[in-house]
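Take a look at the following structure, please.
Rule-based calculations on the coordinates, nothing more; no lab input. Treat the numbers as computed from the prediction; the structure is a model and nothing was measured. Cβ placement follows ideal geometry from the backbone for every residue including glycine, while neighbour counts extend to all protein chains displayed.
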Amino acid sequence: MSESNAKMAKESKGTQNDVVTPKPELRLERVFHAPRDLVFKLWTDPQHVAQWWGPYGFTTVVEEMEVRPGGAWRYTMRGPDGIDYPFSGSYVEIIEPERLVIDGRIHGDLGQDVWTEVTFADYEGKTKVSVRQVYSFDSAATRGAPIGWNQQLDRLANYLAFEHNKEPQ
């Protein structure tokens, strides 16, 4: 975990004696009509991630994805306008099939750090995915993140419906 992201995560949580510095934060929840093991697999297998990651009209190339604590990841999202948006970081915590914690950097720029926690919970025979992101900065990218994430989760739901129908019942 980078020093700035560890500090950012602590500052966003705070304790009774800490001075808390507010950081831009995103929280989303979505329920998927599929078993938790399958949903987790689609988040941790590069062949699947490339099929649904990113907002509508974007494609994603997964250049590196070592799903293990300390493992690196690198994606490039290409927008409909042909502009590339690189992202990179490392996995901090992986509890299969319950939780992913990811330390990342947006567009490869110093100071554009993002801490992401994703939980996968059994929920009435489905899977509830909760996403929490804390950003070290405020920008058009962070302000647009709720729209992008919701579109991305829509894409995951569509892809998941296709993949779930292929799974033996």
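With a cap of 15 neighbouring Cβ atoms within 10 Å, and only residues DSSP puts in a loop, list the GluC sites (Glu not before Pro) found in segment 36-135.
On the way: sites: GLU63, GLU64, GLU66, GLU93, GLU98, GLU117, GLU124; in loops: GLU66, GLU98, GLU124.
Sparse-neighbourhood loop GluC sites (Glu not before Pro): GLU66, GLU98, GLU124.
Something else now. Expressed as a rounded percentage, what relative contact order does segment 50-169 have, with Cα pairs under 8 Å and six or more residues apart?
19 percent
If I take the Cα coordinates of segment 25-166 and project them onto the principal axes, what are the three extents in Å, biggest first?
41, 31, 26
Evaluate the distance, in nm, between pseudo-label points positioned 7 Å from the Cα of ALA121 and of ALA50 along their respective Cα→Cβ axes.
3.4 nm
Quick one: order SER139, SER88 by neighbouring beta-carbon count within 10 Å, fewest to most.
Ordered from fewest to most neighbouring Cβ atoms within 10 Å, SER139, SER88 come out as SER139, SER88.
For LYS23, give me every one of the aspartates and glutamates with a C-alpha distance below 19 angstrom, ignoring sequence neighbours fewer than eight places off in its own chain.
GLU3, GLU11, ASP103, ASP109, ASP113, GLU117, ASP138
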